[in-house]
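J.: Could you have a look at this structure, given as structure tokens, before my questions?
The values are calculated or read from the model by the stated rules, or taken from the named source; none is laboratory data. Note that the structure is predicted; figures quoted are calculated from it, not measured. In this analysis, Cβ positions are derived from the backbone assuming ideal geometry, glycine residues included, and neighbour counts consider all displayed protein chains. All accessible areas refer to the heavy atoms of the entire protein, side chains included, with ligands and DNA or RNA removed. Shrake-Rupley method; radii C 1.70, N 1.55, O 1.52, S 1.80 Å.
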Amino acid sequence: MSDLTQAWIDFWNGDLAQAEGIVHEDFVRHVAPLTGGPSQDHTGRDGLVEWVRGSHQNMPGLTFTVEVGPILQEPFHVLRWFAEAGAVSFHGTDILRVENGRIAEYWLNADGLWAAQQLGIMPS
């Protein structure tokens, strides 16, 4: 696994200090909303840090494990992961666009609705 990909997983596993070294300050993330509709784009490294922090607050013990990848085709790094927090588990795929050694853009494809249903946030 590349150093950048390992740092990305470490970041998602709660090591928020990784963000400054691996995420571009003008970072853009593309995420489909849980309730449906078009992708919502968010910008900025600080917003990403708050999103990950909130994920850990809402799912104590959250851990991510890489199942496939990373698959590298510069400037993209792609990985398939498994996440779990207690009885909650879900999968996802990250597509990362790297620019000058930092993650500049991120597309998330995850079964977030399934995670939300397990948490009781959304109806089954």
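J.: Looking at PHE64, is it among the aromatic types (Phe, Trp, Tyr), at negative phi and surrounded by 16 or more Cβ atoms within 10 Å (Cβ to Cβ)? Outline the logic, then answer.
T.: Numbers: among the aromatic types (Phe, Trp, Tyr): yes; at negative phi: yes; surrounded by 16 or more Cβ atoms within 10 Å (Cβ to Cβ): yes.
Answer is yes for this residue.
J.: Separate question: Please determine, by comparing only the residues of the stretch 40-61 that are assigned to a loop (DSSP other than H, G, I, E, B) and at pLDDT 90 or above, which one is farthest from GLY120 (Cα to Cα).
T.: Filtering the stretch 40-61 for residues assigned to a loop (DSSP other than H, G, I, E, B) gives 44, 59-61.
Narrowing the set further to residues that are at pLDDT 90 or above leaves 44, 60-61.
Details: GLY44: 29, PRO60: 15, GLY61: 17 Å.
Ranking the qualifying residues of the stretch 40-61, first place goes to GLY44.
J.: Is it true that VAL52 is out of contact with any strand residue (DSSP E or B) (no Cβ under 9 Å at 6 or more places or on another chain) and under 24 Å from GLU20 (Cβ atoms)? Steps first, please.
T.: Working: out of contact with any strand residue (DSSP E or B) (no Cβ under 9 Å at 6 or more places or on another chain): yes; under 24 Å from GLU20 (Cβ atoms): yes.
Answer is yes for this residue.
J.: Also: Within the stretch 88-101, can you find the residues that are more than 15 Å from the chain's Cα centre (by Cα), open to solvent by 40 Å² or more (accessible area, probe 1.4 Å) and not small (Gly, Ala, Ser)? Show your work before the answer.
T.: From the stretch 88-101, those more than 15 Å from the chain's Cα centre (by Cα) are 88, 99-101; that's our starting set.
If we keep only those that are open to solvent by 40 Å² or more (accessible area, probe 1.4 Å) too, we end up with 99-101.
Across the stretch 88-101, the qualifying residues are GLU99, ASN100.
J.: Given the options ALA85, ALA104, ALA115, name the one that is surrounded by 12 or more Cβ atoms within 10 Å (Cβ to Cβ) and out of contact with any strand residue (DSSP E or B) (no Cβ under 6 Å at 6 or more places or on another chain).
T.: Working: ALA104 fails: out of contact with any strand residue (DSSP E or B) (no Cβ under 6 Å at 6 or more places or on another chain); ALA115 fails: out of contact with any strand residue (DSSP E or B) (no Cβ under 6 Å at 6 or more places or on another chain).
Selected residue: ALA85, the only one of ALA85, ALA104, ALA115 that is surrounded by 12 or more Cβ atoms within 10 Å (Cβ to Cβ) and out of contact with any strand residue (DSSP E or B) (no Cβ under 6 Å at 6 or more places or on another chain).
J.: Just to be sure before I move on: is LEU108 modelled with pLDDT under 95 and touching an Asp or Glu at 6+ places or on another chain (Cβ under 7 Å) in the structure I sent? Break it down into steps so the answer makes sense when it comes.
T.: Working: modelled with pLDDT under 95: yes; touching an Asp or Glu at 6+ places or on another chain (Cβ under 7 Å): yes.
Yes; evaluated as a whole, the condition is true for this residue.
J.: Is it fair to say ALA104 is in contact (Cβ under 8 Å) with a residue 40 or more places away in the chain, in contact with a His (Cβ under 9 Å, 6 or more places away or on another chain) and either assigned to a strand (DSSP E or B) or over 16 Å from ASP3 (Cα atoms) (or both)? Outline the logic, then answer.
T.: Values: in contact (Cβ under 8 Å) with a residue 40 or more places away in the chain: yes; in contact with a His (Cβ under 9 Å, 6 or more places away or on another chain): yes; either assigned to a strand (DSSP E or B) or over 16 Å from ASP3 (Cα atoms) (or both): yes.
Yes, satisfied.
J.: So which of HIS91, HIS77, HIS24 ends up being in a strand (DSSP E or B), in contact with a strand residue (DSSP E or B) (Cβ under 7 Å, 6 or more places away or on another chain) and free of Cβ contacts under 8 Å to residues at least 40 places away in the same chain? Even if it seems obvious, please write down each step before you answer.
T.: On the way: HIS77 fails: free of Cβ contacts under 8 Å to residues at least 40 places away in the same chain; HIS24 fails: free of Cβ contacts under 8 Å to residues at least 40 places away in the same chain.
Result of the check over HIS91, HIS77, HIS24: HIS91.
J.: Of the conditions (1) open to solvent by 80 Å² or more (accessible area, probe 1.4 Å); (2) modelled with pLDDT under 95; (3) out of contact with any strand residue (DSSP E or B) (no Cβ under 8 Å at 6 or more places or on another chain), GLY37 satisfies every one except a single condition; which number is it?
T.: In the conditions (1) open to solvent by 80 Å² or more (accessible area, probe 1.4 Å); (2) modelled with pLDDT under 95; (3) out of contact with any strand residue (DSSP E or B) (no Cβ under 8 Å at 6 or more places or on another chain), GLY37 misses (1) alone.
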